[in-house]
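Below is one structure, written out as structure tokens, with a few remarks after it.
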Amino acid sequence: MIDQRLTSRVLLLGCACLLLLADCRGVQEAAIEDVETGTQLSEFRMISLTGRRDGDRLPVQVVFEAGSSQLRMNLQFRIGVPTRLESGGYSFEQAAGTLQGRVRERSVTFLGGQSDNPSLGGVFELLSIEGVPLYKVTLPTSEVKRPVSGAPTMAPSH
């Protein structure tokens, strides 16, 4: 009788753990949303997240593509508690033309030390020239790869 109860509890606990893990692992994908219509621009895929940490600074370039359209975000973070977007700009090339403007943070997640590639994620708004949010960009926490060439870098601060 005791063995049967113990077995049932262990089985129930195991199932609960599996359900919890399945719920928590929900891998979020990078996404772009039109703020005015609430429409996801699902054809866009994040193709790169590059940058190189220099002390308490992290310049990052994020690139999304869909066919011949491209969104390029150049972001400058100051690492601290909390890590903040210090400045940011974007260029969004689409068939209808090119939009450019500032990027504003809604939230930032930063993980990483000095010796390894950091990870970065968050939610950002692409602003019109007037400062009105046009698009919301969601980045899942992902490793920031070191740039090969052409990505933003900073001169050492020392």
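The numbers here are math on the coordinates, done by the rules we state, and not lab data. Computed from a predicted structure; not experimentally measured. Because the Cβ atoms are built from the backbone with ideal geometry, glycine has one as well, and the counts that use them run over all protein chains shown.
Taking 0.36 nm per residue of sequence separation and subtracting the Cα-Cα distance, how much length would be gained by fully extending the chain between residue 40 and residue 130, in nm to one decimal?
Full-extension gain reported as 30.1 nm.
Between residue 123 and residue 96, how many nm apart are label points set 7 Å from Cα along the C-beta direction?
2.3 nm
Just want the ordering: 145, 136, from fewest to most Cβ atoms lying within 10 Å of their own Cβ.
With the fewest neighbours first, 145, 136 line up as 145, 136.
Could you derive backbone 3J(HN,Hα) for the range 125-138 from the dihedral phi with the Karplus parameters 6.51, -1.76 and 1.60 (θ = phi - 60°), listing whole Hz in sequence and x where the residue is Gly or Pro?
Whole-Hz 3J(HN,Hα) from phi for the range 125-138: 10, 8, 9, 6, 4, 7, x, 8, x, 9, 9, 10, 10, 10.
Could you tell me the extents of the range 31-143's C-alpha atoms along the three principal axes, largest first, rounded to whole Å?
42, 28, 20 Å, listed from the longest principal axis down.
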